[in-house]
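**Student:** I am attaching a structure below and will ask some questions about it afterwards.
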Amino acid sequence: MTNVIVAFATEEQCARCAAALEAGGIAVSWRCTSFSGVKRAFTLCGDGVLVSACRLPDGTVDDLAWDLGEQAIVVAVGKAAQLENCEHPKLFRLRVPCSQGELASAVDMLMQLMRMRQPQRSEAEKQTVAKAKALLMDKFSLTEPEAHHYLQKNAMDRGLKLTDLAAKILQSNA
């Protein structure tokens, strides 16, 4: 799940933005009313999409974009004149007034982009999973999709990454 953090100068503004996103089917993880609150939220959740006013009481959305770097995809929400002052090259800009649907669609698109940025398995991890599948296929006469499903289900049930479970299976059968 991609974290969505909203940041506006007042709790009322945060609540309106969160309500608009939630009406569009997007869960909001954090509501912040300050630059420092946003920093705390990202320290706790790691990464996500930030929907922020151009200016917060203790900083700007530009400053947040620079501080958060690759940790966040940042959307600046404001009037045209405010957005013109935003200089960060990777900052997305959304001019108000906008509809709830426009806001939700923009954030949904950026959530998809965030998911695509997440790291893929390394070649060594892919080999580990392939070896574990081959072992399961041989030992239990499973097809490749059945062996993959077995790994996925058991990893999820045990709260492990698929690659970690595959490594454990290989170790226990060495």
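The values are calculated or read from the model by the stated rules, or taken from the named source; none is laboratory data. The structure displayed is predicted, hence computed values, not measured ones. Quick reminder, even Gly has a Cβ in these numbers, built from the backbone with ideal geometry, and neighbours come from all protein chains shown. Just so you know, the surface numbers come from the protein's heavy atoms only, side chains and all, with ligands and any DNA or RNA stripped out. Shrake-Rupley method; radii C 1.70, N 1.55, O 1.52, S 1.80 Å.
**Student:** Can you tell me which of (1) surrounded by 15 or more Cβ atoms within 10 Å (Cβ to Cβ); (2) in a loop (DSSP other than H, G, I, E, B) is the one Glu87 doesn't meet?
**Tutor:** (1)
**Student:** Hey, among Ser99, Ser105, which residue is open to solvent by 20 Å² or more (accessible area, probe 1.4 Å), within 19 Å of Met1 (Cα to Cα) and out of contact with any Pro (no Cβ under 9 Å at 6 or more places or on another chain)?
**Tutor:** Working: Ser99 fails: within 19 Å of Met1 (Cα to Cα).
Within the list Ser99, Ser105, the selection yields Ser105.
**Student:** Return the residues of segment 27-62 that are of a type in the set (Phe, Trp, Tyr) and open to solvent by 10 Å² or more (accessible area, probe 1.4 Å); say none if nothing qualifies.
**Tutor:** Of segment 27-62, the ones of a type in the set (Phe, Trp, Tyr) are 30, 35, 42.
Those that are of a type in the set (Phe, Trp, Tyr) and open to solvent by 10 Å² or more (accessible area, probe 1.4 Å): Trp30, Phe35.
**Student:** Could you please find all residues in segment 63-81 being surrounded by fewer than 18 Cβ atoms within 10 Å (Cβ to Cβ) and of a type outside the set (Gly, Ala, Ser)?
**Tutor:** Filtering segment 63-81 down to residues surrounded by fewer than 18 Cβ atoms within 10 Å (Cβ to Cβ) leaves 63, 66-67, 69-71, 79-81.
Those that are surrounded by fewer than 18 Cβ atoms within 10 Å (Cβ to Cβ) and of a type outside the set (Gly, Ala, Ser): Asp63, Trp66, Asp67, Glu70, Gln71, Lys79.
**Student:** Looking at (1) under 30 Å from Arg55 (Cβ atoms); (2) surrounded by 12 or more Cβ atoms within 10 Å (Cβ to Cβ); (3) polar (S, T, N, Q), can you tell me which one Gln152 breaks?
**Tutor:** (1)
**Student:** Hey, another quick one. Pull up segment 6-26, narrow it to residues that are open to solvent by less than 60 Å² (accessible area, probe 1.4 Å), in a loop (DSSP other than H, G, I, E, B) and touching a helix residue (DSSP H, G or I) at 6+ places or on another chain (Cβ under 9 Å), then point me to the one that is nearest to Val107 (Cα to Cα).
**Tutor:** Selected residue: Ile26.
**Student:** Could you list all residues from segment 128-149 that are surrounded by 12 or more Cβ atoms within 10 Å (Cβ to Cβ) and hydrophobic (A, V, I, L, M, F, W, C)?
**Tutor:** Answer for segment 128-149, where residues must be surrounded by 12 or more Cβ atoms within 10 Å (Cβ to Cβ) and hydrophobic (A, V, I, L, M, F, W, C): Val129, Ala130, Ala132, Ala134, Leu135, Leu136, Met137, Leu142, Ala147.
**Student:** With segment 92-174 as the region, which helices (runs of 4 or more DSSP H) entirely inside it contain at least 3 residues that are closer than 30 Å to Ser29 by Cα and out of contact with any Cys (no Cβ under 8 Å at 6 or more places or on another chain)?
**Tutor:** Working: elements: 100-117, 123-140, 144-158, 162-172.
The helices (runs of 4 or more DSSP H) meeting that bar are 100-117, 144-158, 162-172.
Condition check ((1) touching a Gly at 6+ places or on another chain (Cβ under 8 Å); (2) of a type in the set (Phe, Trp, Tyr); (3) touching a residue at least 24 places away in the same chain (Cβ under 8 Å)) across all residues:
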{"position": "Ala65", "(1), (2), (3)": "no, no, yes"}
{"position": "Leu68", "(1), (2), (3)": "no, no, yes"}
{"position": "Ala72", "(1), (2), (3)": "yes, no, yes"}
{"position": "Gln171", "(1), (2), (3)": "no, no, no"}
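**Student:** Checking the condition at pLDDT 90 or above and either touching a strand residue (DSSP E or B) at 6+ places or on another chain (Cβ under 7 Å) or under 18 Å from Asn3 (Cα atoms) (or both), which residue from Gly48, Gly59 passes?
**Tutor:** On the way: Gly59 fails: either touching a strand residue (DSSP E or B) at 6+ places or on another chain (Cβ under 7 Å) or under 18 Å from Asn3 (Cα atoms) (or both).
Within the list Gly48, Gly59, the selection yields Gly48.
Per-residue answers, yes or no, for (1) within 30 Å of Phe92 (Cα to Cα); (2) under 30 Å from the mean Cα position of the chain (by Cα):
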| site | (1), (2) |
| --- | --- |
| Met109 | yes, yes |
| Arg117 | yes, yes |
| Glu123 | no, yes |
| Lys126 | no, yes |
| Lys133 | no, yes |
| Thr143 | no, no |
| His149 | no, yes |
| Asn154 | no, yes |
| Leu160 | no, yes |
